[in-house]
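S.K.: Provided herewith is a single structure, encoded as structure tokens, for subsequent inquiry.
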Amino acid sequence: MIRDALAPDEKGKGGNPGVADKRMLVIESEFDNVFSQLRRDSNTLSATLRNVFDGRDIEPMTKTNPTRATRPHVVLVGHITGHELLEKSTENDVANGLLNRFMMLYVYRPKLVPLPQPTQEEKLESLAKRVAEIINRAIEGDVHGNNIWEVTLSDEAQLLWKEKYEEVTKDREGKRGSLLARSEMYARMFAMIFAVIDGRRVIEPCDFQAAFAWLEYSEASVTKVFNCSDDEGLNPFEVEVLDIIKSQPGISLGAIQAHWHNKRIEQVKKALESLLNSFPPQVEERKVATTGRPARTYYVHEDK
């Protein structure tokens, strides 16, 4: 579907004009089909998907099938139940980077509508027109998507990115770490998309803030679907501090320190700093007014 042109052989056979537009959107409503293909003997779909994500050319190493696609731009949207994803995916799919090339989002039905009404045609047309206008602005009328426009960061966006960079790119342990290894790429990609949607080629802080929110939701989705422990990646003392906060929401700093008879004050402060600065944060700090200095209290982060 996105093959290059192929010249005919010396007998004038086997040639084809190819496809100029290398963009392709694939919607796989039964993503289980992809995993079924991956499990077949000698199947190269996993490697192909990874190469396509990385922007590499697709060229089977066989003389009998000279079909190739240069500069492919493929987007794959898949739908699958959490149970099937756990059952069909393997540890190798996690470790080799296949699954972290998909941004996983847990989708659920927030309310029950027994008799849903169709969206008005005028509304659909209006939305479609807006999307088409955004795309045309982005590609400057080049239907084959060969534009080379660069989206840059404003000075304020650069400062915010530098501030959040350590949180976004930090190493995470175990399965969750492998599944979220491309958070940095997704943050910049989503920020770029939000800027372009707004008709800009300059990323502003608001674009990054929206991107960070999507990252946080994706991490929560991965944690839920793959049953990753919330404590994964924490050292034993941080886990202990987190457990105390879980059991006593609103506990004060003094009460946490008193758990160790005030003998690990610095260790407690470092553990709390780590829990507060994780991405997303494990706990949140709230200050409560008193007759003197405000008291610091701690809760498990509301999005956990």
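The values are calculated or read from the model by the stated rules, or taken from the named source; none is laboratory data. From a predicted model like this one, the values you see are computed outputs, not experimental measurements. Neighbour counts are summed over all protein chains in view; Cβ atoms, including those assigned to glycine, are modelled from backbone coordinates with ideal geometry. Keep in mind that these areas ignore ligands, DNA and RNA; they rest on the heavy atoms of the full protein, side chains included. Shrake-Rupley method; radii C 1.70, N 1.55, O 1.52, S 1.80 Å.
S.K.: From the residues in segment 62-76 that are open to solvent by less than 60 Å² (accessible area, probe 1.4 Å) and either at pLDDT below 90 or not small (G, A, S) (or both), which one is farthest from W214 (Cα to Cα)? Talk me through it step by step, then tell me what you get.
M.R.: Narrowing segment 62-76 to residues open to solvent by less than 60 Å² (accessible area, probe 1.4 Å): 69-70, 72, 74, 76.
Still in the running and either at pLDDT below 90 or not small (G, A, S) (or both): 70, 72, 74, 76.
On the way: T70: 31, P72: 26, V74: 21, L76: 18 Å.
Once the filter is applied, the top-ranked residue is T70.
S.K.: Right, here's the next one. Kindly list, by first and then second residue, each pair from a residue in segment 207-224 that is closer than 22 Å to M192 by Cβ and open to solvent by 40 Å² or more (accessible area, probe 1.4 Å) to a residue that is part of a helix (DSSP H, G or I) and modelled with pLDDT of 95 or more, limited to pairs with Cβ atoms under 7 Å and residues at least 6 apart or on different chains.
M.R.: Within 7 Å, the pairs are W214/F190.
S.K.: If you don't mind, there's one more thing I want to ask. Looking at R286, R293, can you tell me which residue is open to solvent by 60 Å² or more (accessible area, probe 1.4 Å) and either at pLDDT 90 or above or assigned to a strand (DSSP E or B) (or both)?
M.R.: Numbers: R293 fails: either at pLDDT 90 or above or assigned to a strand (DSSP E or B) (or both).
The conditions single out R286.
S.K.: Another question about this same structure. Can you find a residue that is part of a helix (DSSP H, G or I), at pLDDT 90 or above, of a type in the set (F, W, Y) and touching a helix residue (DSSP H, G or I) at 6+ places or on another chain (Cβ under 9 Å) anywhere in segment 242-265?
M.R.: no
S.K.: If you don't mind, there's one more thing I want to ask. For segment 127-182, what are the residues that are modelled with pLDDT of 90 or more, under 19 Å from V202 (Cβ atoms) and assigned to a loop (DSSP other than H, G, I, E, B)?
M.R.: Within segment 127-182, V151, S154 meet the criteria.
S.K.: Find the residue count for segment 92-124, including only residues that are surrounded by 10 or more Cβ atoms within 10 Å (Cβ to Cβ) and part of a loop (DSSP other than H, G, I, E, B).
M.R.: 8
S.K.: Looking at K175, K170, can you tell me which residue is within 14 Å of G97 (Cα to Cα) and either in contact with a Gly (Cβ under 9 Å, 6 or more places away or on another chain) or open to solvent by 40 Å² or more (accessible area, probe 1.4 Å) (or both)? Even if it seems obvious, please write down each step before you answer.
M.R.: Working: K170 fails: within 14 Å of G97 (Cα to Cα).
The conditions single out K175.
S.K.: Examine segment 189-206 for a residue that is within 27 Å of A132 (Cβ to Cβ), of a type outside the set (A, V, I, L, M, F, W, C) and modelled with pLDDT of 95 or more, and state whether such a residue exists.
M.R.: Within segment 189-206, the subset within 27 Å of A132 (Cβ to Cβ) is 189-204, 206.
Applying the additional criterion that residues be of a type outside the set (A, V, I, L, M, F, W, C) yields 198-201, 204.
So of that shortlist, the ones also modelled with pLDDT of 95 or more come out as 204.
Among the residues of segment 189-206, at least one is within 27 Å of A132 (Cβ to Cβ), of a type outside the set (A, V, I, L, M, F, W, C) and modelled with pLDDT of 95 or more, which makes the answer yes.
S.K.: What residue, among those in segment 6-48 that are aliphatic (A, V, I, L, M) and in contact with a strand residue (DSSP E or B) (Cβ under 7 Å, 6 or more places away or on another chain), is surrounded by the most Cβ atoms within 10 Å (Cβ to Cβ)?
M.R.: Initially, segment 6-48 is screened for residues aliphatic (A, V, I, L, M), giving 6-7, 19-20, 24-27, 34, 38, 45, 47.
Those left that are additionally in contact with a strand residue (DSSP E or B) (Cβ under 7 Å, 6 or more places away or on another chain): 6, 24-27, 34.
Values: L6: 14, M24: 15, L25: 9, V26: 11, I27: 10, V34: 20.
Among those that are aliphatic (A, V, I, L, M) and in contact with a strand residue (DSSP E or B) (Cβ under 7 Å, 6 or more places away or on another chain), it is V34.
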